[in-house]
Every structure is written in C-alpha cells, then in structure tokens.
Amino acid sequence: MEETKEGLTCKGVAERLTLGITRVLESMPGVMDVRFVEREPAEKRCLLSWEQKNTCVLPEDLRDFYLTTDGFTLTWSAKLENESVPLGCMVLNGVANLRPLCQSSSVFSLPNAPSLADLDWDEEQVEESECGPAEPHFDSRSRIFELDPCSGNGKVCLVYKDCTKGVVAQKCEVWFLDRSLYWHYLTPSFTAYYRLMITNLGLPEWQNAFTPYGPSPQAKQWASLYQPLSFHCEPSLADLAGEPPVNKLDPSKAFRGKAKLPAPKKKQSAQGGVGGTTKGQGSSGRHSGGRR
C-alpha cells in the first residue's frame, strides 16, 4: 500500500498543485478540515508500462502531472449546526488505478452474459452531432479509463476514440459517464478538466451540471452557497417544454367536498328566527297569564 502524508505540512507544494484553492477554501465561512493528500511522483517506468499495456500514449499534460504527484485527493468539510459535514471532494486516480472501464469478461461469468459493449448500436450512427463531439463507444472503437469515481454518482473518464486494434491511440478527451450509462462531454484535454475541477471546488455532483437534468436540489443549494458567482441554474427539459417543474394545486378543486357551502348558514339563521318568534310568543302568553 502506497504511503501517503496528510495535512498541510508543505503548503508550498499544496498551493502549486491546487492553484491556491486551499487558501480560498480556508477563508470561506463555514469551511473546515481542508485536507490535501500528498503523494510521491510516479516513476517513468510505470508510465511506460501503462502505455505499453493499454496501447495508448498519455497526453503530455497528464504525464507531467503524474511525474509531479501520483494522483490527487483534496477534501473539505462544512460546519452545519456545530457538526462537521464532509462536502467537497476532488479525486484523480493514480497510474495504478487508471484502469480500463470495460474489463474483459471474467471466467466465472456466463457465456451469454450482457456487457457494456451490448449498449452500442449495431446500426450506423452519426459520428458528429449538433450538440458536440461524437459519443464514445463501449466496444473496441474506444479505450476508456477511469479518472474519478465521483463518489458513486458517475465516472469521469479519459477517453480515446476511433481506436484500431494493434494501433497506438494518442488523442484523448475527458467525458462524464452518469449512472444511466449516458455520456456527457466535459473538456478536450486533461489540463482543462483539472482547472474545471478546481473551479467547482469539488462540490457534490458538480459534473451533473453538464447533463440535461443537472445536479440534485441539495447539490444546487450547496453550489449557490459556496459558488454564488459562477453558479447559475440552467433551465430543465420541463421548463424548455413549457411545463412547470412541479404540479400546480388548485385548492378549490382539490378540497371541493370539504368546503362549507353558504346554504347551511341560511338555514341556521332561519331556524334562529323561528326560535325567536316562539320565545316571544311564550313570553307574551306568560304576561297575559299574569294579568289574568
């Protein structure tokens, strides 16, 4: 197990790697327990071994990153009602954990068991769409490696597209794979993704901002609190379609059976008038009796 050192003992290294985001987090109200895990640089032979094993060339910016630190982990918490709540998390896997997303089938699996490659259509697909670059494939046409597990909310992947068997892949992009196994384009390079991750402070579900459905309401509340300048609420699909995001309730229709009608009140007043005349007649009878 690799040795790691936690804490802020070497603030100079932490500030250079995190682009000074550690000081920004420490100055924010309610932010506490900022932890940066320092790792030793990866060896060049490990990088060469990874490239030969996966038939891919690491981009120059990612190679320089691994030669500086073999992975990246920065976490921070927020103070909520005198308790520390883990909130921000920035993770980049090391070289050893930069594994292919589509592993070969296990010897214990069934012969006809479905795999991720079965999700790709057999028919011809349009490689370029109006929304952006062509999506990766789960089969041999793409080589996909996991960069960030996103705490179980999806996976940020390093993707090599248009791959040919036996040919070394060189150009790669960064994509987000959500839990529904849909692809969402993030950045064209590792450096752009690294800056994007730092800018979003590692807030929960920040990658979902690049999806049509967006982050959850709770994640939006955290983003509006700690990222008010760059946070903006994108219109959802329902808003674009002209439909309200929630159902509208009409109390007059929903509680029609329980509403009191004015008719019974008239009856009560009529009964009160009859009672009043009866009492008046009774009192006049008593007076007449007294005179007799």
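The values are calculated or read from the model by the stated rules, or taken from the named source; none is laboratory data. A quick note: this is a predicted structure, and the numbers were derived from the prediction, not measured. Heads up, the Cβs are rebuilt from the backbone with ideal geometry, glycines too, and the neighbour counts pull from every protein chain shown. Side chains are part of the model used for accessible areas, which takes the heavy atoms of the whole protein and leaves out ligands, DNA and RNA. Shrake-Rupley method; radii C 1.70, N 1.55, O 1.52, S 1.80 Å.
Overview of results
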{"item": "Close pairs from region 201-218: first over 25 Å from Arg35 (Cα atoms), partner open to solvent by 30 Å² or more (accessible area, probe 1.4 Å) and part of a helix (DSSP H, G or I), Cβ under 8 Å, at least 6 apart", "result": "Pro212/Leu237; Tyr213/Leu237; Gly214/Lys220"}
{"item": "Region 165-220, subset β-branched (Val, Ile, Thr) and touching a strand residue (DSSP E or B) at 6+ places or on another chain (Cβ under 6 Å), residue farthest from Ser49 (Cα to Cα)", "result": "Thr211"}
{"item": "Some residue of region 152-170 being modelled with pLDDT under 90 and on the phi > 0 side of the Ramachandran plot", "result": "yes"}
{"item": "Wholly enclosed strands (runs of 3 or more DSSP E) of region 143-197 bearing at least 2 residues in contact with a Ser or Thr (Cβ under 8 Å, 6 or more places away or on another chain)", "result": "155-160, 172-177"}
{"item": "Residue, surrounded by the fewest Cβ atoms within 10 Å (Cβ to Cβ), within region 188-200, restricted to residues that are in contact (Cβ under 8 Å) with a residue 60 or more places away in the chain and in contact with a helix residue (DSSP H, G or I) (Cβ under 6 Å, 6 or more places away or on another chain)", "result": "Thr191"}
{"item": "Of the criteria (1) under 18 Å from Ala96 (Cβ atoms); (2) more than 26 Å from the chain's Cα centre (by Cα); (3) open to solvent by 20 Å² or more (accessible area, probe 1.4 Å), which one Leu58 fails", "result": "(3)"}
